[in-house]
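This report concerns only the one structure given below.
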Amino acid sequence: MRYKASEIEPKWQKFWEDKGIYKTNLNAPEKKLYSLVMFIYPSGAKLHCGHWYNYGPADTWARFKKLQGYNVFEPFGYDAFGLPAENYAIKTGVHPMESTLKNIDDIRAQIRRIGCMYDTNSELMTCDPAYYKWNQWLFLQLYKKGLAYRKKSPVNWCTSCQTVLANEQVLSDGSCERCGNPVVQKNLVQWFFKITDYADRLLDDLHLIDWPEETKTKQRNWIGKSTGAEVVFSVEGSDEKIKVFTTRPDTLFGVTYVTLAPEHPLVEKLTKPEFKPAVDKYVEQTAYLTEIDRQSTTKEKTGAPTGSFVINPINGEKVPIWIGDYVLLTYGTGCVMAVPGHDERDFEFAKKFDLPIRKVILQDGTSIDDEFEVAFTEAGTMVNSGKFDGMSSVAGKQAVIEELERIGAGKAKVNYRLRDWLISRQRYWGTPIPVVYCDKCGEVPLPEEQLPVTLPKDVEFKLQGDSPLKRHAGFMNTTCPKCGGHAERDPDTMDTFVDSSWYYLRFLDPKYEKGMFNTALTDNWSPVDMYIGGREHSVMHLLYARFIHKFLMDLGLVKTPEPFMKLVHQGTITNLGAKMSKSRGNVVNPEPYIDKYGSDVFRLYLMFMGPFELGGDWSDSGITGTERFAQKMYDLAQSHTGWLKNHKAADKYDLNHLSEPEKSVYRYVNRTLAKYQHEMEHLKFNTAIAALMELSNELSKNLNACRADLQTYTLQVVTHMIAPLAPHLAEEMAEILGREKSLFEEPWQFEPDPAALTVDSVTIAVQVSGKMRGTVTVPVDSDQDTVMNGATSDPKIAKFIDGNQVVKVIFVKNKILNVIVKQA
RNA sequence: GCCGAAAUGGCGGAAUUGGCAGACGCGCCGGACUCAAAAUCCGGUCUGGCUCACACCAGGUGCCGGUUCGACCCCGGCUUUCGGCACCA
């Protein structure tokens, strides 16, 4: 009979729901396992194959753990704030709340068809005031500790639309995606979270967590800790000082100019009148460039002199001040001391503008008079450096720092590439910032009792001008909680990464009202044991969540330093070579596949396609393979209807009492079990399924030749191995076999019978002079002589040895014999 | 540009992590069953040479080089593709 997924799958989904099989008992934290997938952004494109590729296999792993006896908590929720809903509102007039709730309803129905064990009690959505209230509360706690502050920072500004654009809305040529006009960088006062205060802890604690090394590396590089010195240069004829950060204080004598970022506040003050027109023009040009363009190492260097000079504190030398767009205001102090002899970027800049290049570090084995072809950026011996001459540049770093400290012109300094987290967004669909600006008292954080500040519903979405909140007088005008006078609210909302920085804690009790989350539960259930999501979140989301978790630990709200103990990235399923997204218009809808093959076959196919962590370009060729496999398994159950009752299986069998086909089947089942267990543990679903397919091939050969109760034994094991991979199918099989309970109602032992795994002979590869010449089958653990005898008595191998002189023999027990010969 | 990955038959991929390259599946070819089709089952399928055939020989894991008795795996240098680069989430 055909396996009818369209009938069987809804039947089990209803059964699971009715019996509440996936409701986690949160009051039993012994053997707890918190398994989490990154929650979904509910866009209008709904679930695509990429989502399935995340949720299906992740659920398979969680089910495997549940069968192993863990008390698994697997929640699901909605990352419901964000830009696309607001863009949709501008385009269609449909309110973001309306479109978002509609999308969530649609997605919820789709999610149900995957058949995951999501605990529906835990569902949450971040656009609910009961959720975002606690973003505001979190903001206030950060504010109290001095970790939320305001400063000026640039935004993308479309001069034509008169509106702020997201990076995504700026095309690669620097124009607005809506109107095609140029986009400029405009400074606005915005809120920041001081993540840089946590930089060292974020770096050091990486060793506490079981994360992919590639991800830890990305985070380390993102934080970008570097040690060096801060050097203070005084501006000639002025009280102004210019501070620079350098990792190479040993090259200080080689400074021939100083460069400021064009948008540096000192540029205005330091530019001499006769240089002003050129400088202003250059500053304006720079506003059109993105940061990525500016950091390009192949772009030709540009810049302009200011006409001012600074004094190098180490030698009293007077050097010019330039501005250049390769210097970024956001890194270090926004100024660099330029040492063209020993820095590639400074070298190029100096060549372009004919500035002097001085050698102060001598490369070993070269002469001090050799001309520079390129900058020498490695360690060497200090020269042209006054009293430091002859010192190694490595020791020189410390020596120069000590000298700077002595003369009060600098100090040792650690610098990070990591910048503070800008959380202000000039948009409507997000969490309002709980601060008002009073005519008298200035910046005033709201008292906690006034939370939440809710989003007004009656706003107008327009393409041009200010954000909807700023135009909403009823929202903007309020009273100061301090003096009772007139005050204005902050018109901005928070970055949605704030929402996703703590949602995993809220899942345990999403309706909790007495605090951000229910610590009675989170104390036992946090941290998350397994977190599964895409590599695109390697840095930002995962770094922000770690930061907020650490801050919550400092508040005493969580007890562990890290939120996610183990992390796995599923691969990206691309289509036509790019990540699936609505904006790219290349999403692949899974529904037709579910309709045709059923959810289990589709899930099996996604897992069988390749390694979970790899992903790849979408193709449905091959899904028939998993369909056939599912049908075979179903047929197998059908041909054994009721056997669980009629032919009871033993727990294990003694090989000595089995016939040859029985031995073969028993060994195969147990070997598969061992392999399966290992592969499932490590989320290698593709090879776990391949092992089951191999077993299926063996069974079609030998199962019918086995005694009845051994057949039952086999089917019982097979059904349990299928259960996490194709849960509906396995439940149906178990029912046909005569089982009365759900497979997921009680744990099951995946341990193979060790006696069935032992082998008495092994096939060893034989090479002659490194080339494969044949194999010999010998008793396990045979010594070199035995294998050698076997090899030389095989004429196919012997013909390559005979007549030649054996020079050397390499032998690895149970693996290989390599006979090195010299041609006679 | 910078940071992080990936590359193996016609296709998706496997290889106990330095020890028989191509498991498993798709596709394709041939056969069985059938009035026919679907479904199912059996056999074959890296490339080239040589053979009626079996056998045998040679080459082969993106490209160039290296280490090693032995390299898909380790090292150096490239190429191409993908993810991220702080306002997509």
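Key figures for this structure:
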item	result
Which listed residue, of A:ASP364, A:ASP280, is surrounded by fewer than 18 Cβ atoms within 10 Å (Cβ to Cβ), in a loop (DSSP other than H, G, I, E, B) and more than 15 Å from RNA strand B (Cβ to nearest atom)	A:ASP364
Options A:PHE800, A:PHE744: the member that is within 30 Å of A:GLU17 (Cβ to Cβ), assigned to a helix (DSSP H, G or I) and in contact (Cβ under 8 Å) with a residue 24 or more places away in the chain	A:PHE744
Sole exception among (1) modelled with pLDDT of 95 or more; (2) within 16 Å of RNA strand B (Cβ to nearest atom) for A:LYS4, by number	(1)
Helices (runs of 4 or more DSSP H) contained in the range A:539-624 and holding at least 2 residues closer than 20 Å to A:ALA690 by Cβ	A:599-608
Residues (free of Cβ contacts under 8 Å to residues at least 12 places away in the same chain and more than 11 Å from RNA strand B (Cβ to nearest atom)) located in the range A:658-680	A:GLU660, A:LYS663
Residue check, A:SER659 farther than 25 Å from A:PRO727 by Cβ, out of contact with any helix residue (DSSP H, G or I) (no Cβ under 6 Å at 6 or more places or on another chain) and polar (S, T, N, Q)	yes
Search result, residues across the range A:427-454 that are among the hydrophobic types (A, V, I, L, M, F, W, C) and touching a helix residue (DSSP H, G or I) at 6+ places or on another chain (Cβ under 9 Å)	A:TRP429, A:ILE433, A:VAL435, A:LEU446, A:LEU451, A:VAL453
Qualifying residue in the range A:296-306 (condition: within 23 Å of A:GLY174 (Cβ to Cβ), touching a residue at least 60 places away in the same chain (Cβ under 8 Å), within 16 Å of RNA strand B (Cβ to nearest atom) and out of contact with any Cys (no Cβ under 9 Å at 6 or more places or on another chain))	no
Hits in the range A:378-405 (condition: within 23 Å of A:LYS243 (Cβ to Cβ) and in a loop (DSSP other than H, G, I, E, B))	A:SER385
Every residue from the range A:116-170 that is more than 25 Å from the chain's Cα centre (by Cα) and closer than 30 Å to A:GLU731 by Cα	A:THR120, A:ASN121
Cβ pairs under 7 Å, 6+ apart, first in the range A:16-27 and in a helix (DSSP H, G or I), second of a type in the set (Gly, Ala, Ser)	A:LYS19/A:SER742
Hits in the range A:72-116 (condition: under 23 Å from A:GLY533 (Cβ atoms), among the small types (Gly, Ala, Ser) and touching a residue at least 12 places away in the same chain (Cβ under 8 Å))	A:GLY77, A:ALA80, A:GLY82, A:ALA85, A:GLY115
Criterion (under 28 Å from the mean Cα position of the chain (by Cα) and within 14 Å of RNA strand B (Cβ to nearest atom)) met by exactly one of A:TYR634, A:TYR605, A:TYR597	A:TYR605
Per-region count, the range A:786-814, residues of a type outside the set (Val, Ile, Thr) and closer than 16 Å to A:SER761 by Cα	6
So A:THR377, is it among the hydroxyl-bearing types (Ser, Thr, Tyr), within 11 Å of A:ARG248 (Cβ to Cβ) and either at pLDDT below 90 or crowded, with 21+ Cβ neighbours inside 10 Å (or both)	yes
Selection status of A:GLY316, away from RNA strand B (no atom under 16 Å from the Cβ), farther than 30 Å from A:ASP239 by Cα, without any contact (Cβ under 8 Å) to a residue 24 or more places away in the chain and surrounded by fewer than 18 Cβ atoms within 10 Å (Cβ to Cβ)	no
Qualifying residues in the range A:288-305 (those that are surrounded by 13 or more Cβ atoms within 10 Å (Cβ to Cβ) and over 31 Å from the mean Cα position of the chain (by Cα)) - the one nearest to A:PRO320 (Cα to Cα)	A:PRO305
Residue selected from the range A:752-785 under the condition among the β-branched types (Val, Ile, Thr) and surrounded by 15 or more Cβ atoms within 10 Å (Cβ to Cβ), by the criterion nearest to RNA strand B (Cβ to nearest atom)	A:THR775
Every residue from the range A:564-587 that is surrounded by 18 or more Cβ atoms within 10 Å (Cβ to Cβ) and farther than 23 Å from A:VAL539 by Cβ	A:ASN575, A:VAL587
Among the candidates A:SER424, A:SER393, residue that is among the small types (Gly, Ala, Ser) and closer than 30 Å to A:PRO468 by Cβ	A:SER424
Unique residue being within 13 Å of RNA strand B (Cβ to nearest atom), at pLDDT 90 or above, within 50 Å of the chain's Cα centre (by Cα) and surrounded by 12 or more Cβ atoms within 10 Å (Cβ to Cβ) when the list is A:ILE816, A:ILE736	A:ILE816
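Listed here are the residues, each with its yes/no results for (1) of a type in the set (A, V, I, L, M); (2) touching a residue at least 60 places away in the same chain (Cβ under 8 Å); (3) touching a helix residue (DSSP H, G or I) at 6+ places or on another chain (Cβ under 6 Å); (4) within 29 Å of A:LEU328 (Cβ to Cβ).
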residue: A:VAL374; (1), (2), (3), (4): yes, no, no, yes
residue: A:SER385; (1), (2), (3), (4): no, yes, yes, yes
residue: A:ASP389; (1), (2), (3), (4): no, no, no, no
residue: A:SER393; (1), (2), (3), (4): no, yes, yes, yes
residue: A:LYS397; (1), (2), (3), (4): no, yes, yes, yes
residue: A:LEU404; (1), (2), (3), (4): yes, yes, no, yes
residue: A:GLY410; (1), (2), (3), (4): no, yes, yes, yes
residue: A:ARG417; (1), (2), (3), (4): no, yes, no, yes
residue: A:ARG425; (1), (2), (3), (4): no, yes, no, yes
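The values are calculated or read from the model by the stated rules, or taken from the named source; none is laboratory data. Quick caveat: nothing in here was measured; it's all calculated off a predicted structure. Positions of Cβ are generated from backbone atoms using ideal geometry, with glycine treated the same way; all protein chains shown enter the neighbour counts.
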